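Report on the following structure.
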Amino acid sequence: MRNLFFSFALLINQLDGVSQELSVDTLNRIESVFQKWNSNSSPGAAFAISRHGQIIYENAWGMADIEKQIPNTVSTVFPVASLSKQFTAAAVLLLEQQGKLSLDDDVRKYLPELHDFGKTITIRHLLNHTSGLRDWTNLLLLSSVDRSTTLLTNEYVLNFLSRQNELNNYPGDEFNYSNSNYSILPIVVQRVSGQSFSEFCRHYIFDLLHLDHTEWFAGQNKEQMAMPYILDKIYLKVISTATVSGHGGLMTNVSDLLTWNQAYLKGKLGGDSFLEKQLQPGRLNNGVVIPYAAGLRIVTYKGNKAISHNGVGRGYVSFLEYFPCNDMSFALAANVSEINPVVLCRQIEDLFIKPGMTADVPNQVITSHSFDALARFEGWYRNTRNGAGLQLIEKNGKLVTNSGDSLWQTTPGVFKVKEGILDFTSSSNLIFVNSTFYPDTTFYTRIEGPLDNTDIQEYAGSYFSNELNSAVSINVSGRALFMQLGTKKTYSLLPTYKDGFNIEPLITAGPNCLYFIRDTHEKIVGLRISIDRARNVLFERKN
């Protein structure tokens, strides 16, 4: 009840201050978006809007600490997860502006501990997520490391990554989002500047821009900090000992986030040349420009350019977005993980952001019976990047995938699917063109279907990864195959193509697959596992 009264009183105060800016109807519609968390028995969120650098709305809902009955306020400090990356990028760009490093420097100039992959990884690659480094947070899920008892620091992450001797992709060939990039950049800042990462950011960013409530990891005892919660029938507080900064780890509030947006976008940090660097999209080796700059996404929403980044952690989420067309910023921080920060923010942004000048290009769809028989496309295909299996099946006169997605033929041998285009015109193999984020092409090769269940016994055994210093066991029970990661959870292996399997339940979001490796005598000698941001991790069979 106390929190409900607090929220109402705050709203009344806001109505006095922004009555010339927002209508009562708009205020009520914003409140309705957060009503679910307007309780003293749940965590919640803080949200703020600025126009032309002036805050026109701010409010908070729910509890910062349920057990202690401390409510969230607009001053409450939240961990903001990956939204932190733009601050890390700013620190690196300031060092470049000071002439202390170049974005085209080999990162091993500053971090010689990293494996020499025979391919140069530059600081620019790290900033744009094009380095190919596997994501350490994904790798930990495949390892025997117990995060609850292991003190995770930036140095720990660097040492962990130094064991890796393979990459997800050739540097510069792909955009492949990986927290590893931004977890090792703070060590670069420290070694180049001679200051700790937090001290450098405090001196050159936080103090300069008057971000008085912003700092890197302060621990979970900080006053005015929202404790993270996950929902498992009831809200459970998340206790973490991790102190890795850079990819995440920033503690701030929504007011400081709006101040930050206004300051660097108006050239108060490093001048106009700095802003140009921060907003410069990455470019792949093939010349394709990606909509990711230095810790920021450059996107289009409703036909309008937007500069944004979200953050998702265990028990907390965040989102910060700026629309140049309206000179408006929207900041969200929440200590509850069931909120989709982008979807929620967009509900409110829709009250302010009108459609821009865009033309919808209609999809050309031609019925499949106008072309070759669909049966020739049926079968299993293997993703050459991560080993994931894709099956195409003819059903009721159209092609569908093993995940249930329908394909519509547009021209002979070319099909439209929700993520992009499937193209068979160059060969019997499949080319997948992804058009949801940036023009990207993935090759799939035709492959033999799964083995009969009577043959699965040959997969059973123990396998070991030198890169992770961890083991995996493959076991057969009846006619089913299972995988156990060290002493962790047991997973089912569901057959796709020959020697390929999907992993269930999912270890993490995205593709979760495993495929076995045979030698020239067709003997199983190892396996590779690919999950979302860590591809083809090798486990060799133990004798």
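The values are calculated or read from the model by the stated rules, or taken from the named source; none is laboratory data. All of these numbers come straight from a predicted model, not from anything done at the bench. Positions of Cβ are backbone-derived with ideal geometry, glycine not excepted, and every protein chain shown enters the neighbour counts.
Selection of helices (runs of 4 or more DSSP H) fully inside the range 1-106 by the criterion of at least 1 residues being in contact with a strand residue (DSSP E or B) (Cβ under 7 Å, 6 or more places away or on another chain) and modelled with pLDDT of 95 or more returns 24-34, 85-97.
Contact annotation: residue pairs with Cβ atoms under 9 Å, 6 or more positions apart or on different chains, pairing a residue in the range 330-354 that is free of Cβ contacts under 8 Å to residues at least 60 places away in the same chain and over 17 Å from H309 (Cβ atoms) with a partner that is among the polar types (S, T, N, Q) and assigned to a strand (DSSP E or B), are I353/N304; K354/N304.
Restricting attention to the range 108-144, the residues being surrounded by 17 or more Cβ atoms within 10 Å (Cβ to Cβ) and free of Cβ contacts under 8 Å to residues at least 24 places away in the same chain number 1. Looking across R314, R376, one residue alone is modelled with pLDDT under 95 and either aromatic (F, W, Y) or not assigned by TED's automatic domain parsing to the domain that holds V400 (or both). It is R314.
Rundown of residues vs (1) closer than 24 Å to L209 by Cα; (2) of a type outside the set (D, E); (3) under 20 Å from the mean Cα position of the chain (by Cα), yes/no style:
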| site | (1), (2), (3) |
| --- | --- |
| K268 | yes, yes, no |
| L275 | yes, yes, no |
| G287 | no, yes, no |
| P291 | no, yes, yes |
| I298 | yes, yes, yes |
| K302 | no, yes, no |
| N310 | yes, yes, yes |
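Within the range 372-403, take every residue that is among the basic types (K, R) and outside any helix (DSSP H, G or I) and give me the one that is surrounded by the fewest Cβ atoms within 10 Å (Cβ to Cβ). Taking the candidates together, the pick is K395. Among the residues making up the range 160-197, those that are over 20 Å from the mean Cα position of the chain (by Cα), part of a loop (DSSP other than H, G, I, E, B) and of a type outside the set (S, T, Y) are R163, Q164, N165, E166, G194, Q195. Taking every residue in the range 397-424 that is outside the structural domain of E378 (by TED's automatic domain parsing) and pairing it with any residue that is at pLDDT 90 or above and buried (at least 16 other Cβ atoms within 10 Å of the Cβ), at least 6 positions away or on another chain, yields no pair with a Cβ-Cβ distance below 6 Å. Within the range 253-277, being out of contact with any strand residue (DSSP E or B) (no Cβ under 9 Å at 6 or more places or on another chain), under 16 Å from F323 (Cα atoms) and touching a residue at least 60 places away in the same chain (Cβ under 8 Å) holds for Y264, K266.
For the range 430-543, which strands (runs of 3 or more DSSP E) that fit wholly inside it have 1 or more residues that are among the hydroxyl-bearing types (S, T, Y)?
On the way: elements: 430-434, 440-447, 461-465, 470-477, 480-485, 490-495, 500-504, 513-518, 524-531, 534-541.
It comes to 440-447, 461-465, 470-477, 490-495, 513-518, 524-531.
Condition check: outside any strand (DSSP E or B) and at pLDDT 95 or above. Does Q280 satisfy that? Before the answer, list the steps.
Working: outside any strand (DSSP E or B): yes; at pLDDT 95 or above: yes.
It is true that Q280 is outside any strand (DSSP E or B) and at pLDDT 95 or above.
Screening S273 with (1) within 17 Å of I205 (Cβ to Cβ); (2) at pLDDT 95 or above; (3) hydroxyl-bearing (S, T, Y) gives one miss only, at (2).
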